[in-house]
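Notes for the one structure printed next.
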Amino acid sequence: MIATASTPRPLILSANTMPCKRPHEVTPMTDETQPAQVKAPPTKLYAAMAKARSEMKAPKLDGTNPHFKSRYVTLAGLLEAVMPALSANGIHIWQAPVDDCLLTVVTHESGESVEYRSKMPPAKDPQQLGSILTYFRRYILSGITQCSSQIDDDAEAAMPPRSNRGGGPKVVAVNPSSRDEL
């Protein structure tokens with residue numbers, strides 16, 4: 001589709017956008033001289049996605065991380081879990097690298113679509129780029145479909161090792177007779 005003055009621009013959500021008053025309105029921040037582009041929410045796409053989500057099966061933990069001795073859902077496993085429900089509801093997801101971003105386009109058979117741009121970190125070599133792409137594709141797809149079998153560790157993995165935490169708050173016993181001195 002070629003954009004013309006009368007053709008609305010696609011909705012683009014990314015780190016370079018600023019939400020407006022309604023969640024479906026976005027102000028692009030790439031060109032400050034351009035007026036805000038507002039597009040009606042893709043209600044048919046959203047309804048189809050809600051139906052598809054109710055039909056999705058939980059993906060299997062089919063990958064193993066030997067470093068952390070943990071299991072996770074691979075991109076292939078996630079695709080296997082979500083694609084049948086998405087396809088049955090007329091939804092197609094396309095992902096590709098564009099410049100320094102991963103572009104994810106979610107389209108519905110009605111013609112409605114939503115685009116997401118996720119800025120990726122720079123890669124040192126093609127192998128690292130492949131790893132970054134796979135990681136981003138998996139997490140973006142998981143977020144869009146709300147489908148994940150990952151174990152919630154209550155942010156334990158984000159915390160420093162227990163030996164470096166410094167413990168909790170210190171408790172000091174106070175002699176009741178000397179409480180007035182504090």
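Data for the structure
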read-out	value
Residue within the stretch 102-118 that is surrounded by fewer than 12 Cβ atoms within 10 Å (Cβ to Cβ) and not in a loop (DSSP other than H, G, I, E, B) present	no
Conditions (1) crowded, with 16+ Cβ neighbours inside 10 Å; (2) modelled with pLDDT under 95; (3) among the hydrophobic types (A, V, I, L, M, F, W, C): number failed by ALA123	(1)
MET159 being farther than 17 Å from ASN65 by Cβ and either touching a strand residue (DSSP E or B) at 6+ places or on another chain (Cβ under 6 Å) or at pLDDT 95 or above (or both)	no
Residues satisfying the stated conditions in the stretch 41-69, i.e. free of Cβ contacts under 8 Å to residues at least 24 places away in the same chain and either assigned to a loop (DSSP other than H, G, I, E, B) or over 25 Å from THR107 (Cβ atoms) (or both)	PRO41, ASP62, GLY63, THR64, ASN65, PRO66, HIS67, LYS69
The stretch 87-112: number of residues that are closer than 21 Å to LEU133 by Cβ and hydroxyl-bearing (Ser, Thr, Tyr)	2
Some residue of the stretch 80-98 being at pLDDT below 90, in contact with a Pro (Cβ under 9 Å, 6 or more places away or on another chain) and either charged (D, E, K, R) or under 19 Å from SER148 (Cα atoms) (or both)	no
Considering residues of the stretch 126-146 that are of a type outside the set (A, V, I, L, M, F, W, C) and crowded, with 19+ Cβ neighbours inside 10 Å only, the residue nearest to LYS44 (Cα to Cα)	THR145
Output for the stretch 90-122, where each listed residue is under 15 Å from the mean Cα position of the chain (by Cα) and β-branched (Val, Ile, Thr)	ILE93, THR104, VAL105, VAL106, VAL114
Hits in the stretch 70-96 - residues which are in a helix (DSSP H, G or I) and surrounded by 15 or more Cβ atoms within 10 Å (Cβ to Cβ)	LEU75, GLY77, LEU78, LEU79, GLU80, ALA81, VAL82, MET83, ALA85, LEU86
Filter result for THR33 (modelled with pLDDT under 90 and part of a strand (DSSP E or B))	no
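The values are calculated or read from the model by the stated rules, or taken from the named source; none is laboratory data. Just so it is clear, the model here is predicted, and its values are computed rather than measured. Neighbour counts are summed over all protein chains in view; Cβ atoms, including those assigned to glycine, are modelled from backbone coordinates with ideal geometry.
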